[in-house]
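To keep things clear, I will list the structure first and then write my remarks on it.
The values are calculated or read from the model by the stated rules, or taken from the named source; none is laboratory data. For clarity, every value in this text was computed on a predicted model and none was experimentally measured. Heads up, the Cβs are rebuilt from the backbone with ideal geometry, glycines too, and the neighbour counts pull from every protein chain shown.
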Amino acid sequence: MITELGHFALILAFLVAIVQTVVPIIGAHKRWPGWMSVAEPAATTQFLLLGFAFAALTYAFVTSDFSLRLVVLNSHSAKPMLYKISGVWGNHEGSMLLWVLILSLFGAMVAWFGAQLPPSLRARVLSVQAAIGVAFLAFILFTSNPFLRLAVPPFDGQDLNPLLQDPGLAFHPPFLYLGYVGLSVCFSFAVAALIEGRVDAAWGRWVRPWTLAAWIFLTIGIALGSWWAYYELGWGGFWFWDPVENASFMPWLFAAALLHSSIVVEKREALKSWTILLAIMAFGFSMIGTFIVRSGVLTSVHAFANDPERGVFILMILAVFTGGALTLFAARAGTMEAKGVFAVVSRESALVANNILLSVASLVVFVGTIWPLAAEMFFDRKLSVGAPFFDMAFTPFMVVLGLILPLGAMLPWKRAKPGRVTRQLLPALVLALALAGLTWAMQSGRSLLGPVGLFLGSWLVFGSLTDLWTRTGRSRDLRRLMRLPRADWGKSVAHAGLGITIFGIAGLTAWQTEDIRVANIGEPFEVSGYELTLNSVERVRGPNYFSTTANVTLAQDGQQIATLYPEKRSYPVAKMPTTEAAIDYRFLRDVYVVIGDAQGNDAWTMRTYVKPLAGWIWAGCLIMALGGGLSLTDRRYRVAAGARKAPAPAGVPAE
């Protein structure tokens with residue numbers, strides 16, 4: 001009964017979304033306040049209906065209702081409760097329902113917190129947001145219905161993919177979708193502004209919190225996915241340049257560019273057309289990611305579906321919304337008159353460089369991701385583009401970006417004297433160079449990657465600290481720091497987090513060691529100054545799997561520092577094995593152990609990695625997200641802030 005009600009709620013949400021798409025935008029065009037006011041209750045109603053539908057699907061998974069086809073394919077009665085719940089979005093149909101639920105949530109939040117927006121702009125934003133909902137709800141109802149029933153329910157289900165039965169993957173998709181779908185609001189604001197033909201400082205202030213929120217969620221989601229790949233897959237890496245990884249990374253880069261570009265619109269009323277274009281591209285690349293994951297055009301371990309018909313449907317949605325928005329942009333971009341002028345050396349110019357580097361870097365990733373498909377379609381050649389291409393093509397842009405960030409953050413608006421900022425940053429530069437030189441000397445002439453990464457990361461961290469230090473004034477009054485706007489603190493914290501992540505990536509890549517051997521039980525062996533002993537290997541039964549679990553002692557300088565339990569699991573229902581690495585996490589390094597196959601005579605294959613600074617990668621990502629959160633709490637950047645500066649267009653009644 002509950003699942004039927006959930007299905008009915010999904011259909012009602014589709015109908016409400018159609019009303020929300022049509023009525024408010026006609027009202028905004030005709031200047032009819034009553035029609036425009038339909039948008040707010042419709043957005044709330046759509047969210048409540050989709051929330052009920054999602055709750056009904058969750059109930060079916062929790063109670064193991066095997067009359068529902070989706071539950072049969074992605075659950076099992078013996079599965080732990082956490083993975084019964086995460087199984088709701090661990091598949092194509094359920095994840096799309098979560099996708100539209102988050103889409104409706106953002107639309108409802110515009111309705112709830114956008115009371116100070118001009119009525120016509122609010123109506124158009126909510127109408128565009130609902131139009132996206134109509135497209136994806138149609139996609140769900142006609143091609144991916146999660147509420148399909150089975151005439152003869154089986155006794156039990158087929159279980160969830162074992163790789164997804166992990167806490168990291170339980171929380172990774174919701175955060176990622178909050179970022180992906182959050183960019184839809186920026187897209188809706190951009191299209192609404194193009195329709196109205198007006199972008200001003202207030203518009204930049206309205207769109208910035210939504211961009212910031214989406215970027216924060218994307219940062220956390222990507223970090224969770226990277227950490228999951230590191231400890232769960234057993235290969236010892238944190239990033240594979242997989243097509244689906246790239247699909248989340250490209251919108252993140254565009255969102256970062258949009259975030260910085262909207263600052264220029266807000267502060268100087270410049271870069272208006274460019275900011276609108278970035279908003280369109282950011283969400284456009286989110287939809288490209290959805291197409292890659294769900295169409296089967298590219299092979300990936302992360303792919304949800306392999307159905308060309310679904311891929312064509314999503315491609316049509318992508319073409320209509322992105323193509324339509326770009327066409328509207330081409331027609332109306334000339335009306336976006338830029339008011340602010342600035343010199344070549346200024347904060348505006350630094351932000352323009354930031355935007356160009358991030359956008360081009362994202363396009364480089366896109367070309368590398370899509371090239372195998374293009375080569376097969378147009379040249380009848382099968383090829384793959386791997387990490388070497390991305391490392392060589394993408395890294396230079398990030399190096400240049402890292403070099404200019406501290407300078408750009410401290411340059412004044414409109415016109416700047418570079419000598420003053422250079423003098424202020426000179427101690428940070430000297431310290432970063434000294435650390436890089438020390439590292440080069442200590443590593444005895446090994447790869448340059450470590451020293452360069454240390455320099456770049458230190459330069460970003462020390463530059464951020466210098467930026468804060470200069471805010472104390474000539475009197476060095478530390479109390480002034482406490483009075484700084486949270487957005488200024490957030491900027492410095494986020495930039496420092498980026499520096500820590502860069503340092504972690506460089507350190508892990510340059511200095512990690514790997515050991516692969518056949519280990520005999522009871523015989524110690526040494527890896528990079530650590531002594532490991534395989535004590536035993538036992539067969540263990542889990543809730544819904546069988547495990548081969550090793551007991552490994554880790555010692556240093558004759559002292560035991562940890563006992564590790566690497567596993568190989570076998571899931572009998574899914575008929576799929578997984579590798580569970582055992583990791584000793586420390587501040588400056590991880591020791592990473594993987595157990596392999598038995599070799600006879602109490603011997604087992606073992607892989608051991610010593611990974612310097614691995615944890616710094618994800619710590620830096622969390623610090624970046626924290627910086628974004630600090631900026632988001634700045635009272636100046638709440639959604640309603642600054643709205644009173646923008647008068648409503650003629651003919652639109654004030655609220």
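Computed values, structure above
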item	result
Those residues of region 292-316 which are in a helix (DSSP H, G or I) and either modelled with pLDDT under 85 or surrounded by fewer than 19 Cβ atoms within 10 Å (Cβ to Cβ) (or both), in sequence order	I292, V293, R294, S295, P308, E309, R310, G311, V312, L315, M316
Which numbered condition A247 misses (of (1) surrounded by 24 or more Cβ atoms within 10 Å (Cβ to Cβ); (2) under 30 Å from D634 (Cβ atoms))	(2)
Region 575-609, residues that are surrounded by fewer than 19 Cβ atoms within 10 Å (Cβ to Cβ), touching a residue at least 60 places away in the same chain (Cβ under 8 Å) and of a type in the set (A, V, I, L, M)	M576, A598, A603
Residue within region 319-326 that is at negative phi, buried (at least 19 other Cβ atoms within 10 Å of the Cβ), within 22 Å of the chain's Cα centre (by Cα) and modelled with pLDDT under 85 present	no
Region 446-464: number of residues that are farther than 18 Å from P485 by Cβ and touching a His at 6+ places or on another chain (Cβ under 6 Å)	1
Cβ-Cβ under 8 Å pairs, at least 6 apart or on other chains, region 489-510 side farther than 29 Å from T470 by Cα, far side among the charged types (D, E, K, R)	L508/K611; A510/R446
Helices (runs of 4 or more DSSP H) (entirely within region 409-485) containing at least 3 residues that are in contact with a Gly (Cβ under 7 Å, 6 or more places away or on another chain)	418-442, 449-470
Residue under evaluation V365, criteria (1) outside any loop (DSSP other than H, G, I, E, B); (2) farther than 15 Å from F254 by Cβ, criterion not met	(2)
Residue within region 407-414 that is among the basic types (K, R) and without any contact (Cβ under 8 Å) to a residue 24 or more places away in the chain present	no
Failed condition for L10, given (1) surrounded by fewer than 22 Cβ atoms within 10 Å (Cβ to Cβ); (2) assigned to a helix (DSSP H, G or I)	(1)
Selection count, region 591-603, where residues are at pLDDT 95 or above and more than 12 Å from G234 (Cβ to Cβ)	1
Search result, residues across region 415-437 that are closer than 16 Å to V461 by Cβ and of a type outside the set (A, V, I, L, M, F, W, C)	Q424, P427
Some residue of region 502-515 being of a type outside the set (K, R) and under 30 Å from K267 (Cβ atoms)	yes
Counted residues, region 171-207 - those being under 15 Å from the mean Cα position of the chain (by Cα) and surrounded by fewer than 20 Cβ atoms within 10 Å (Cβ to Cβ)	2
Residue in region 465-488 that is under 24 Å from G628 (Cβ atoms) and touching a His at 6+ places or on another chain (Cβ under 9 Å) present	yes
Candidates E514, E526 - the one that is surrounded by fewer than 14 Cβ atoms within 10 Å (Cβ to Cβ) and either part of a loop (DSSP other than H, G, I, E, B) or touching a residue at least 12 places away in the same chain (Cβ under 8 Å) (or both)	E514
Residue, modelled with the highest pLDDT, within region 131-161, restricted to residues that are buried (at least 20 other Cβ atoms within 10 Å of the Cβ) and closer than 30 Å to Y230 by Cβ	G157
Complete set of residues in region 599-635 that are more than 22 Å from the chain's Cα centre (by Cα) and of a type in the set (S, T, Y)	T605, T608, Y609
Set T58, T3: member being touching a strand residue (DSSP E or B) at 6+ places or on another chain (Cβ under 7 Å) and in a helix (DSSP H, G or I)	T3
Failed criterion for G51 (all others in (1) out of contact with any Phe, Trp or Tyr (no Cβ under 6 Å at 6 or more places or on another chain); (2) crowded, with 17+ Cβ neighbours inside 10 Å hold)	(2)
Single residue of region 556-574 satisfying the filter (closer than 30 Å to Q158 by Cβ and touching a strand residue (DSSP E or B) at 6+ places or on another chain (Cβ under 8 Å)) that is surrounded by the fewest Cβ atoms within 10 Å (Cβ to Cβ)	P572
Condition met for E4 (among the acidic types (D, E), within 20 Å of I132 (Cα to Cα) and assigned by TED's automatic domain parsing to the domain that holds L101)	no
Selection count where residues are without any contact (Cβ under 8 Å) to a residue 24 or more places away in the chain and either in contact with a His (Cβ under 6 Å, 6 or more places away or on another chain) or closer than 16 Å to F147 by Cβ (or both), scope region 56-113	2
Count of residues meeting criterion [crowded, with 22+ Cβ neighbours inside 10 Å and part of a helix (DSSP H, G or I)] in region 112-123	5
Flag for S547 being outside any loop (DSSP other than H, G, I, E, B), over 30 Å from K491 (Cα atoms), out of contact with any Asp or Glu (no Cβ under 7 Å at 6 or more places or on another chain) and not acidic (D, E)	no
Matching entry among S262, S188 (being in contact with a Ser or Thr (Cβ under 7 Å, 6 or more places away or on another chain), polar (S, T, N, Q), at negative phi and part of a helix (DSSP H, G or I))	S262
Residues (surrounded by fewer than 24 Cβ atoms within 10 Å (Cβ to Cβ), part of a helix (DSSP H, G or I) and either among the polar types (S, T, N, Q) or under 23 Å from the mean Cα position of the chain (by Cα) (or both)) located in region 76-100	L82, I85, H92, E93, S95, L98, W99
Test result for V152, assigned to a loop (DSSP other than H, G, I, E, B) and without any contact (Cβ under 8 Å) to a residue 24 or more places away in the chain	yes
